[in-house]
Amino acid sequence: MHISDFLKGSPDGIDVKGPGVLCSFEICGITINLTETVVISWGIILAVTLLLLWLTHDLKTNHISKRQVAAEWIVTTVYGLVEDAMGKRWRWFAPYIGALFTFSITGSLVSMIGLRSVTADFNAPLAWALITFVLIHGTNIRTNGIGGYLKGYVDPVPVMLPINILSEASTPVSMSLRHFGNVVSGMVITSLLYFALSVVTKSIGVAFLTIGIPAVLSLYFDLFSGFMQAFVFIMLTMAYISNADGRNEA
Amino acid sequence: MDNNEMARAIVLGASALGAGTAMIAGIGPGIGEGFAVGKACESIGRQPESSGAVTRTMFIGCAVAESTGIYGLLVALLLMFANPFINKL
């Protein structure tokens, strides 16, 4: 291999694909695609459910096992986080936040065992962001009533109506795009790096560059970025929902 | 080179240029996050006991500030891997 081949790249080139469609079927004239994302999501849900069943079976009040300590630590951490960020009144929100965080982080980290990240499909973060969107507006309507909720759109002057609607609609879009963009950019940069390293290896014939270097980047893009985005997602969810209520007490 | 091939080449070249130009969006978040982290370091230096809360807030702020950069990145990725213009020829 010559240096000109390196500049040209490999013949197959780099191709970044969306999630593959495993099978598709039709219900009432609507085509439903069973994609990789859906299947891996169900796998994650099953795995997490089994893990939690294992963690929480056979709980005792004294002589507790290590397993129970871990389970209690998870629960108290999530509840503590929610109370810190939203206030004691919102304690009942912790299960949703915990589920969102778990799903998001396992969905990102699943790439470490060679599967496609669930969060690298825009549909997954969008679905979570839409649930949050419904919760924000539901909370707002429940606290202020439908009249007060609608009045919020013409606040402080009716001219602001389109701007208010736009800012409300941009919330789920920006939340989901941020999560998706971070994960998918990590995926693309990692595949670019693998490509470059494999081309270099081919040109010099010794495979020393492919050892170690991808691991460091994977540590950042998969572990750190996945954790950070999951954390940011739940923090924003909590901030938006507790703001929607209008009563500002901690 | 026939006309269609020429048009294709122009679209591909312009898309590559556009993808590069879109990444100028990386400047803004870079500067902004630099400021944010600098301020966070200052405030941790002043009040080391509140470092946990400061770090957490800083990470959230950084992640939010990053979103404009990520929009730019998405545009660049779209132009590189899912070019919408090449099918319009």
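The values are calculated or read from the model by the stated rules, or taken from the named source; none is laboratory data. Note that the structure is a prediction, hence the values are computed from the model and not measured. With ideal geometry, Cβ positions are generated from the backbone for all residues, glycine too; neighbour counts draw on all protein chains shown.
When A:Leu166 is tested against (1) away from chain B (no Cβ under 14 Å); (2) closer than 25 Å to A:Asp121 by Cβ, exactly one condition is not met: (2).
Only one of (1) under 27 Å from A:Arg178 (Cβ atoms); (2) assigned to a helix (DSSP H, G or I); (3) in contact (Cβ under 8 Å) with a residue 60 or more places away in the chain is not met by B:Asn83, so which one is it? Failed condition: (2). Can you spot a residue in segment A:54-65 that is exposed (fewer than 10 other Cβ atoms within 10 Å of the Cβ), under 20 Å from A:Asn123 (Cβ atoms) and without any contact (Cβ under 8 Å) to a residue 60 or more places away in the chain? Within segment A:54-65, none of the residues are exposed (fewer than 10 other Cβ atoms within 10 Å of the Cβ), under 20 Å from A:Asn123 (Cβ atoms) and without any contact (Cβ under 8 Å) to a residue 60 or more places away in the chain.
Quick check: is even one residue across segment B:2-17 closer than 24 Å to A:Val232 by Cβ and either surrounded by 16 or more Cβ atoms within 10 Å (Cβ to Cβ) or within 14 Å of chain A (Cβ to nearest Cβ) (or both)?
Filtering segment B:2-17 down to residues closer than 24 Å to A:Val232 by Cβ leaves none.
No, segment B:2-17 contains no residue that is closer than 24 Å to A:Val232 by Cβ and either surrounded by 16 or more Cβ atoms within 10 Å (Cβ to Cβ) or within 14 Å of chain A (Cβ to nearest Cβ) (or both).
Residues in segment B:25-36 that are under 25 Å from B:Ala82 (Cβ atoms) and either without any contact (Cβ under 8 Å) to a residue 12 or more places away in the chain or exposed (fewer than 11 other Cβ atoms within 10 Å of the Cβ) (or both): B:Ile27 only.
A search for C-beta distances below 7 Å between a residue of segment B:8-22 that is on the phi > 0 side of the Ramachandran plot and any residue that is at pLDDT below 90, counting only pairs 6+ apart in sequence or on different chains, returns nothing.
Within segment A:182-199, can one find any residue that is under 24 Å from A:Trp90 (Cβ atoms) and of a type outside the set (A, V, I, L, M)?
First pass over segment A:182-199, keeping only residues under 24 Å from A:Trp90 (Cβ atoms): none.
No - not one qualifying residue is present in segment A:182-199.
Restricting attention to segment B:37-88, the residues that are surrounded by fewer than 17 Cβ atoms within 10 Å (Cβ to Cβ), farther than 25 Å from A:Leu236 by Cβ and facing chain A (nearest Cβ under 9 Å) total 2. Of the residues making up segment A:177-218, not one is free of Cβ contacts under 8 Å to residues at least 40 places away in the same chain and closer than 14 Å to A:Ile105 by Cα.
Which residue is farthest from A:Phe180 (Cα to Cα), if the candidates are limited to segment A:14-70 and must be within 14 Å of another protein chain (Cβ to nearest Cβ) and touching a helix residue (DSSP H, G or I) at 6+ places or on another chain (Cβ under 8 Å)?
Residues of segment A:14-70 within 14 Å of another protein chain (Cβ to nearest Cβ): A:14-19.
So of that shortlist, the ones also touching a helix residue (DSSP H, G or I) at 6+ places or on another chain (Cβ under 8 Å) come out as A:14-16, A:19.
Details: A:Ile14: 20, A:Asp15: 18, A:Val16: 15, A:Pro19: 13 Å.
For segment A:14-70, the residue satisfying everything is A:Ile14.
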